[in-house]
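First comes the structure, then the notes that go with it.
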6 protein chains.
Amino acid sequence: MSRVYRNIPRAEASVIDGLAACGVATVHEAQGRTGLLAPAMRPIYAGARIAGSAVTVSLAPCDNWMIHVAVEQCTAGDILVVAPTSISDAGYFGELLACSLVARGVRGLVIDAGVRDVRDLTAMGFPVWSRYVSAQGTVKETLGSVNVPVVCAGAAIRPGDVIIADDDGVCVVARPEAAAVLRKSLAREDKEAAVRARLKAGELGLDIYGMRAKLAERGLTYVDTPEE
Amino acid sequence: MSRVYRNIPRAEASVIDGLAACGVATVHEAQGRTGLLAPAMRPIYAGARIAGSAVTVSLAPCDNWMIHVAVEQCTAGDILVVAPTSISDAGYFGELLACSLVARGVRGLVIDAGVRDVRDLTAMGFPVWSRYVSAQGTVKETLGSVNVPVVCAGAAIRPGDVIIADDDGVCVVARPEAAAVLRKSLAREDKEAAVRARLKAGELGLDIYGMRAKLAERGLTYVDTPEE
Amino acid sequence: MSRVYRNIPRAEASVIDGLAACGVATVHEAQGRTGLLAPAMRPIYAGARIAGSAVTVSLAPCDNWMIHVAVEQCTAGDILVVAPTSISDAGYFGELLACSLVARGVRGLVIDAGVRDVRDLTAMGFPVWSRYVSAQGTVKETLGSVNVPVVCAGAAIRPGDVIIADDDGVCVVARPEAAAVLRKSLAREDKEAAVRARLKAGELGLDIYGMRAKLAERGLTYVDTPEE
Amino acid sequence: MSRVYRNIPRAEASVIDGLAACGVATVHEAQGRTGLLAPAMRPIYAGARIAGSAVTVSLAPCDNWMIHVAVEQCTAGDILVVAPTSISDAGYFGELLACSLVARGVRGLVIDAGVRDVRDLTAMGFPVWSRYVSAQGTVKETLGSVNVPVVCAGAAIRPGDVIIADDDGVCVVARPEAAAVLRKSLAREDKEAAVRARLKAGELGLDIYGMRAKLAERGLTYVDTPEE
Amino acid sequence: MSRVYRNIPRAEASVIDGLAACGVATVHEAQGRTGLLAPAMRPIYAGARIAGSAVTVSLAPCDNWMIHVAVEQCTAGDILVVAPTSISDAGYFGELLACSLVARGVRGLVIDAGVRDVRDLTAMGFPVWSRYVSAQGTVKETLGSVNVPVVCAGAAIRPGDVIIADDDGVCVVARPEAAAVLRKSLAREDKEAAVRARLKAGELGLDIYGMRAKLAERGLTYVDTPEE
Amino acid sequence: MSRVYRNIPRAEASVIDGLAACGVATVHEAQGRTGLLAPAMRPIYAGARIAGSAVTVSLAPCDNWMIHVAVEQCTAGDILVVAPTSISDAGYFGELLACSLVARGVRGLVIDAGVRDVRDLTAMGFPVWSRYVSAQGTVKETLGSVNVPVVCAGAAIRPGDVIIADDDGVCVVARPEAAAVLRKSLAREDKEAAVRARLKAGELGLDIYGMRAKLAERGLTYVDTPEE
C-alpha cells in the first residue's frame, strides 16, 4: 500500500508565480471560496508569500520517515505538503531537512502537525505553515506514501496542485484549474483596485456597491440614539 | 429588529487618549478587574496601543454585510467592534474595508471572529484584535444591527463605550465611568512608578508591600533544602 | 503544607550555558526525547534562547502571592517556573515583578498560565514562555509553596533542574544529568554539522542515513505517475 | 462595588412553564435566533428540560463564596446562573450546595465553569449545565455580586430573565419579552406540527416550503452521475 | 458551480450491513488504518451502530438550505454526510429534517457542525454523529452541492462510499473497496475471536503474539523495584 | 533506558477500598486540593467509582506496545495508568486488552490519550477514563517503560500510588499518605453529613458556616432592586 509516485504533473511556472502575487485571500475568493486550509495553519514568521507545486506526503503520526523519502521527489518550485494520518503535535521537521529542501529549490513547507528549529528556519528564510511549533522528536519506523491525494488541515490536495501561502494562511488550487483561477484572481484585483481608490477618497461601500436599496427592502431601519 | 442607531454619545477625546496611554493592564485593574475581553483576542501585529469609542456591530455568522453599514456610522477616533451571533472562524474583514475606515479616521478593529489581508493591514498600520486570522470569505445576505449593545469575546459592550487595546488584549470601559477610571488609572501609575524604582534598586515586594507578617500568620514556613 | 525551600542545589554555570547554546530541540533529542513542556507554551517575543536553574512555584489558581515570595529565593542565572494547581488564563505576572527579577539576575519566566505587560517585557528584553497572554488580575489570598517539585505544562520539574527555552518551546533537564546531557548534545551537534554540509551540497538523507535498503525491505514501492 | 440585589422582578410562572415546554431550539428561533449560550455548556445528564428565573452571580475565578450568598436570594422556580470574571475549570458547585437549592425549590444551575459530585446530582435529579466537570476545589476569599447583569457563556443575562435549558443547551429570554416570546414559540410549534405530519407522510420540504423555484433561479442544476 | 448529482452508485446492501456488524474499529484496522473521521465527531446517544451509503452535502457555513435539497436524493439505507465549507458550531439539523429522512429510510446523519433537538432525535432513535450540539439557527440563502466529493471532519468522502458509525466514531470505506474490506474485517474478527478466548483464559498477549524476543532484542530490561 | 519495574509496593487493600467509597471530590479536598488529573479526562460511561494501585506505563505516542508489556505486571486491584510522551488522539486500548486485564483482576484504565471499543468496554463493565475516544490504530515499534514515575494529564503519579476515579474525574494519592488521606476523607464525610442534614432542613450555609460577619466586614452590601 506504500507507494512513491514519481514525475507528477505540475502547473506552468508563470501561473504559479502569478497566483503567489495575488495571495491567499484573493485566490480563495476567485475560485469560489474553496480550497482554504484550516486557519489553525499559521506561518512561523510574518511576511512570506509563496506558491508552488504540491509534493504530498501521507505519513504515520509521530513518524517522519516518509519526509526523507519525499525530499528526493521535490524539484525547484515545489512546496512540501505533509499530512499525518492522525493528529499529533510532534515536531516532524527541522533545520536539517530544510537544508536539504533548499538545496533542491523547494519554496516552503505546509504541515498539519508540528515543526521545530523555527529560529534557524526563520534565519534561513525557509517559510513553514504548521499547526504547532514543537521540538518533540519523531521515529522512523512506519511506511507511508508520497504523491498520493491527501487531506491536509481539512483540504483535499492532489500531488501537483498549486499551493498558495501567506500571512492569511494556505490555499490549494487544483492543477487543471490553475490558469483559470489566475485569470479570475487578476480580474478581481483589477476590480478591487478601482474600488480601493474610491474608498480611500472617502466614498462608502454602501454607495459603491449599491447596497442601500437592498438593505431598505430587507427592512433595515435607521434611528437616532435617544437622549439619555 | 434590525436597527442602525446614529449619533451615539462618545466620551471626551482627552479621556480616551489618556486611557490609551495607560494601557489595558492598568485600566483593567483600575476599574476593579472588570471589562477584559477573552485572551483569545490577539493583535495581528505587535506594538499597537489604541483607545477609541466603540461603534458596535451585531451580525449573522459568516455574513459581513453589516460591517459595510457600520462604516458610515464611524467618525474619527472610533474603534469598530464586531460580534457575530454565533462563532465562526471566517474572515469578515480585509484591506478594502480598512481603507474605508482609515478614510474616516477610525483607529482600529476588534472582532470576535476572523480577519484577512493581515500583511496589508500591517503595512497600513491598521491594528486589529481578532480571535482568528482566516481568508475564508463571507456572504452579504442577512441583516444585523449597528450600535446596539453586544457581547464581544465575553464582554458586554455598549455603543460609545471606550475600548482600550494593546499587546495584552482588549478592555472596555463604560462611557459614563471613563473619566473616573482614567483618574484611578493615573493614580495607579503614580503608585507603580514609586514601587518600580524601589524594585529596580533591589528591594523586595515582600518588604515594600509588607507581606511578611501576613504570610507568617497564614502559616508559611521557610526551611533549608536538605542535603541529598 | 506551605513551604519555602531555601538554598536549592544548582547545576554548574558552564553546563547551564552550554545547554542554552545547544537549544531546546537538540537537548530534548540528546536526553532521549524527554523533558519537553507542552507546545502550548509559547514565547512572548521571538529570538530569545536561555537556560537557567529552576526556582519552582506551586500556587493557587488566579492568585500570584507566592510569586512575590519566590522572588527572594532567586539568584543570578535562575529561571522562575510557575505552575498553578488548576488551569486558568489569568495574568499572574507583569512588568513590576520582572523589574524585581531583573534586579536579581533572573534570566526569564516559564509560567503555565497567563502573563501581561508583554510590550514592556519585550522592551526590557525579559523573555517569558507562557500558555496565555492576559491582563486579567489575580489576588493575594492563598498560600502555596516555593522550590517543591511541580508539574508545569505536563513536565515534572524539581527545583534546581536546568530549564532550556527558545523559539521551539521549553525543555527541562534533571540537575544530576545535566552534564551528561550536555555531552550528548554537543556530540549530536557535531554529527549534525557533518550531515548539514552534505545536505547543503545536495546529497540526500536517504543516502546519508542509508535508508534505502530498509525502506525497500519494508515494501516501499516506486511507481511513475500514470498519464492522465 | 460588591452588591446583593434583593427582590428581583420575575416573569409570570405560567409564562416560564410554557417556555420550558417549548424547549431551547424553539424559543431561540422564536425570538429571532438570539439568546443562546455557547454550545460548550452541556448538561451533566440527558433528559432534563427546565425553565426558571435567573438569579445571577458574578464571582472571582476559583472562588465560590458568592454562591453561598446567592442561595439566600433564591426562591421556588429560580435557576442559579453563575459567571466567573475569568475562565477557570475549577468545580465551584457540588452536592451540598444542591441540597440547599433543592430545599428552596430552585430548578437547576447554569455555570460557565466546572461542577462536581455529578453522580450525586444525577441521583438527586438536580440538573446542571456547565462548561466543565471538575472536582477541583475553590476558595472563599473574594467578594462578588448577586443579581447584577452578567455575561455567561457569551450571553448577556439580567436578574429575573427567563432561562430555558435542555439537551440542546441553554437560552435566555429577557423578562419583559417573555410573554411575547412564548406566543411566538407556540405559534411556531403549531406550524411545525402541520409540517411534521406532511414530512412523515413522505412529502418533501422542497415542496412544502416552495423552495424549488428559488433554487432554480439561483442556478442550482441537477445532473445525473456519469457512468464510471 | 452548484450541482446536485442524482442516481449515485451504491455498494451492495449485504456488504454494507456486514461492515455495520464489524464496527468502526475493526473496519478501520482492516483497511490499513485509514478512513477514520476526527474523534471530535461524537454520537448524540450511546449504542447506535450503523452503516450506509454516503449522500454528501457541501454547504455554506451557517446555512442549511442544501440539506433540504439533499433529502430528495436519499433512498433507504443511506447516511447523510454534511460538510460546511468553513467551521461553525451552528445547529444545521433538527427533528423535522429527521422525520423527512426517516420517511425515506435514511439510517443516520454525520455532520461536521452542530445538531439540535437531540432529545427528540434520541426518542426517535435517529442516530447522529456531530462535532457540536447547538440550537443556533441557520439561514437558507446560499447554494452548495449534493453528491460531490467532500472533506468531512478530515476524511475525504465520495458519494456512495460506505459510512460506518458507532460509539467509537465514524469511518469511511471507498465504495469500490467495500467488499474487500468486509472480507478483511471478517478475517480480523475470526482472528480476534481466537485471541480473545486465550486472553480470557489468562494467557498473555506477550506470549500469544510472541513479543518477548523482539522486546528483549530492542533492549527492554526487567528489574525489581528497589526496597525503599 | 527502557525498564520494567516488577513487584511494586502497593497500599493496603482496605485503605484503597475506603478511598473508592469516598470518591474523587472528597479525597481531593481531604488531601489539600491536590492530585486531580485534568478535567479533560472523562469516563466512557457514567456511574463507575473505583480505586486501585497504579501500574504506570510511559510509552511513545501512537504506539501501544508497552501496554502489552504492562499487563503482565498487573495484579488484582490494580488500575493501569498510561501516559504517552507526547499528545495524540489515537486509540491505544480496546476490548482485547481489556479482556486480558479483567482476567488479572484489574479494575480499570486511566489513559491520557484515546480508547476504542467503548461499546464493548461498557458492556463488559470495564471502566476507562480517557481524554479521547478514537478508533485510530497504533503501532508496536518503540520501547517505553513500566512502573516508572509518569506525568498523566498534568498529575505526577508514581507506581503503587492510589488512583481514585469516578464521574467527577481522576485523583491520585501518594501511597505513603494513603492511610492518612483516608482518615481525613472520612472525617470530611462525617462533617458533611451533619451539614447536609441542616441544609436539607432549609438552614443556610451563610449561617451554618458563620459567613455573614466576614462578608459584611469585607464590604458586602445588600440593596433592594429598584423599581423600574
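Subtracting the Cα-Cα distance of residue B:216 and residue B:124 from their residue separation scaled by 0.36 nm leaves 27.7 nm. Residues in the range B:115-127 carry Karplus couplings, in order, of 9, 9, 6, 5, 5, 5, 4, 5, 4, 6, x, 9, x Hz; the curve used is 6.51 cos²θ - 1.76 cosθ + 1.60 with θ = phi - 60°, and Gly or Pro positions show x.
Classification of the protein assembly as shown by its C-alpha gyration tensor yields a rounded form. The axis ratio a/c (a ≥ b ≥ c) stays under 1.5. Amide H to amide H, with H built 1.01 Å from N, residue A:63 comes under 5 Å of A:139, counting only residues 5 or more places away or on other chains. Projecting the Cα atoms of A:51, A:41, A:9 onto the dipole axis of chain A, where Lys and Arg carry +1 and Asp and Glu carry -1 at the beta carbon, places A:9 farthest toward the positive end.
Ranked by solvent-accessible area (1.4 Å probe, protein heavy atoms only, all chains present), the residues D:87, C:67, F:208 order from largest to smallest as D:87, F:208, C:67. When D and F come together, around 3400 square angstrom of accessible surface is lost from both chains combined, probe 1.4 Å. Taking the Cα centre of the range D:15-145 as origin and charging only Cβ (+1 Lys, Arg; -1 Asp, Glu), how large is the dipole, in debye to the nearest 20? For this selection, approximately 240 debye.
Of all DSSP beta bridges confined to the protein assembly as shown, the antiparallel ones make up roughly 45%.
Of all chain D C-beta atoms, the nearest to the rotation axis linking D with E is recorded, alongside its rounded Å distance, as D:46, 6. Taking the Cα centre of chain C as reference, the dipole from Cβ charges on Lys and Arg (+1) and Asp and Glu (-1) amounts to some 660 debye.
Taking a probe of 1.4 angstrom, what is the accessible area of residue D:217 in Å², to the nearest 10? About 150 Å², rounded to the nearest 10. Scalar couplings 3J(HN,Hα) for the range D:47-56, obtained by applying the Karplus form with A = 6.51, B = -1.76, C = 1.60 to θ = phi - 60°, are x, 6, 9, 9, 9, x, 8, 6, 9, 9 Hz; x denotes Gly and Pro. Residues of the range D:75-94 buried by at least 30 Å² of accessible area upon assembly of all protein chains, compared with the chain on its own (1.4 Å probe): D:85, D:86, D:87, D:89. Over 21 Å apart at the Cα level, from the set A:140/F:140; C:214/E:191; D:191/E:140; E:214/F:140; A:140/C:191, are C:214/E:191. Dipole magnitude for the protein assembly as shown: about 0 debye, using +1 per Lys or Arg Cβ and -1 per Asp or Glu Cβ, origin at the Cα centre. Across the identical copies, the 7 Å label point of residue C:212, projected outward along Cα→Cβ, sits 4.1, 6.5, 7.3, 7.3, 8.9 nm from its counterparts, in ascending order.
The accessible surface of the range F:91-228, taken with every protein chain in place and a 1.4 Å probe, is 51 percent carbon and sulfur. Placing D:191, C:140 in order of accessible area, with the largest value first and a 1.4 Å probe, yields D:191, C:140. Among DSSP beta bridges lying fully in the range B:38-145, give the percent that are antiparallel, nearest 5. Bridges in the range B:38-145 are about 15 percent antiparallel. In the range D:1-22, burial by the other protein chains removes 10 Å² or more of accessible area from D:1, D:2, D:3, D:4, D:5, D:6, D:7, D:9, compared with the chain on its own (1.4 Å probe, ligands and nucleic acids ignored). The residues of chain C have, on average, 35 Å² of accessible surface per residue, using a 1.4 Å probe with all protein chains present. For a quick check, take a GNM of chain B with Cα springs below 10 Å and name the residue from B:123, B:197, B:180 with the largest mean-square fluctuation. Its mean-square fluctuation being the largest, the pick is B:197.
Computed from backbone phi with θ = phi - 60° and the Karplus coefficients 6.51, -1.76 and 1.60, the 3J(HN,Hα) list for the range C:95-105 is 5, 5, 4, 5, 4, 5, 5, 4, 4, 9, x Hz; x is used for glycine and proline.
Here the contact order of chain D, divided by its residue count and restricted to Cα pairs under 8 Å and six or more residues apart, works out to 29 percent. Rolling a 1.4 Å probe across all protein chains gives residue D:12 an accessible area of roughly 130 Å².
Note on residue B:126: accessible area approximately 10 square angstrom, rounded to 10, probe 1.4 Å, nucleic acids and ligands left out.
The Cα center of the range E:114-143 and the Cα center of the range A:38-65 differ in position by 34 Å. Proximity of backbone amide H atoms, modeled 1.01 Å from N, is registered between residue D:4 and D:146, F:221, F:222, F:223 at under 5 Å, excluding neighbours fewer than 5 places apart on the same chain.
Averaged over the residues of peptide F:209-217, the number of Cβ atoms from other protein chains lying within 10 Å of each residue's Cβ is 2. DSSP beta bridges confined to chain B are antiparallel in about 45 percent of cases. Inter-copy label distances at residue C:176, shortest first and taken from points set 7 Å along Cα to Cβ: 1.5, 6.1, 6.6, 6.6, 7.1 nm. Between copies, residue B:76 shows label-point distances of 5.3, 5.3, 6.4, 7.4, 8.6 nm, shortest first, with the point placed 7 angstrom from Cα along Cα to C-beta.
When the Gaussian network model of chain D links Cα atoms closer than 10 Å, the mean-square fluctuations of D:120, D:167, D:112 top out at D:120. Take the Cα of residue E:224, step 7 Å toward its Cβ, do the same at residue D:177, and the gap between the two points is 7.5 nm. Considering only B:179, B:213, B:187, the Gaussian network model of chain B with Cα springs below 10 Å gives its largest mean-square fluctuation to B:213.
The values are calculated or read from the model by the stated rules, or taken from the named source; none is laboratory data. Quick caveat, the model's predicted, so the values are computed rather than measured. Quick reminder, even Gly has a Cβ in these numbers, built from the backbone with ideal geometry, and neighbours come from all protein chains shown. Only protein heavy atoms, including side chains, enter the accessible area calculation; ligands, DNA and RNA are left aside. Shrake-Rupley method; radii C 1.70, N 1.55, O 1.52, S 1.80 Å.
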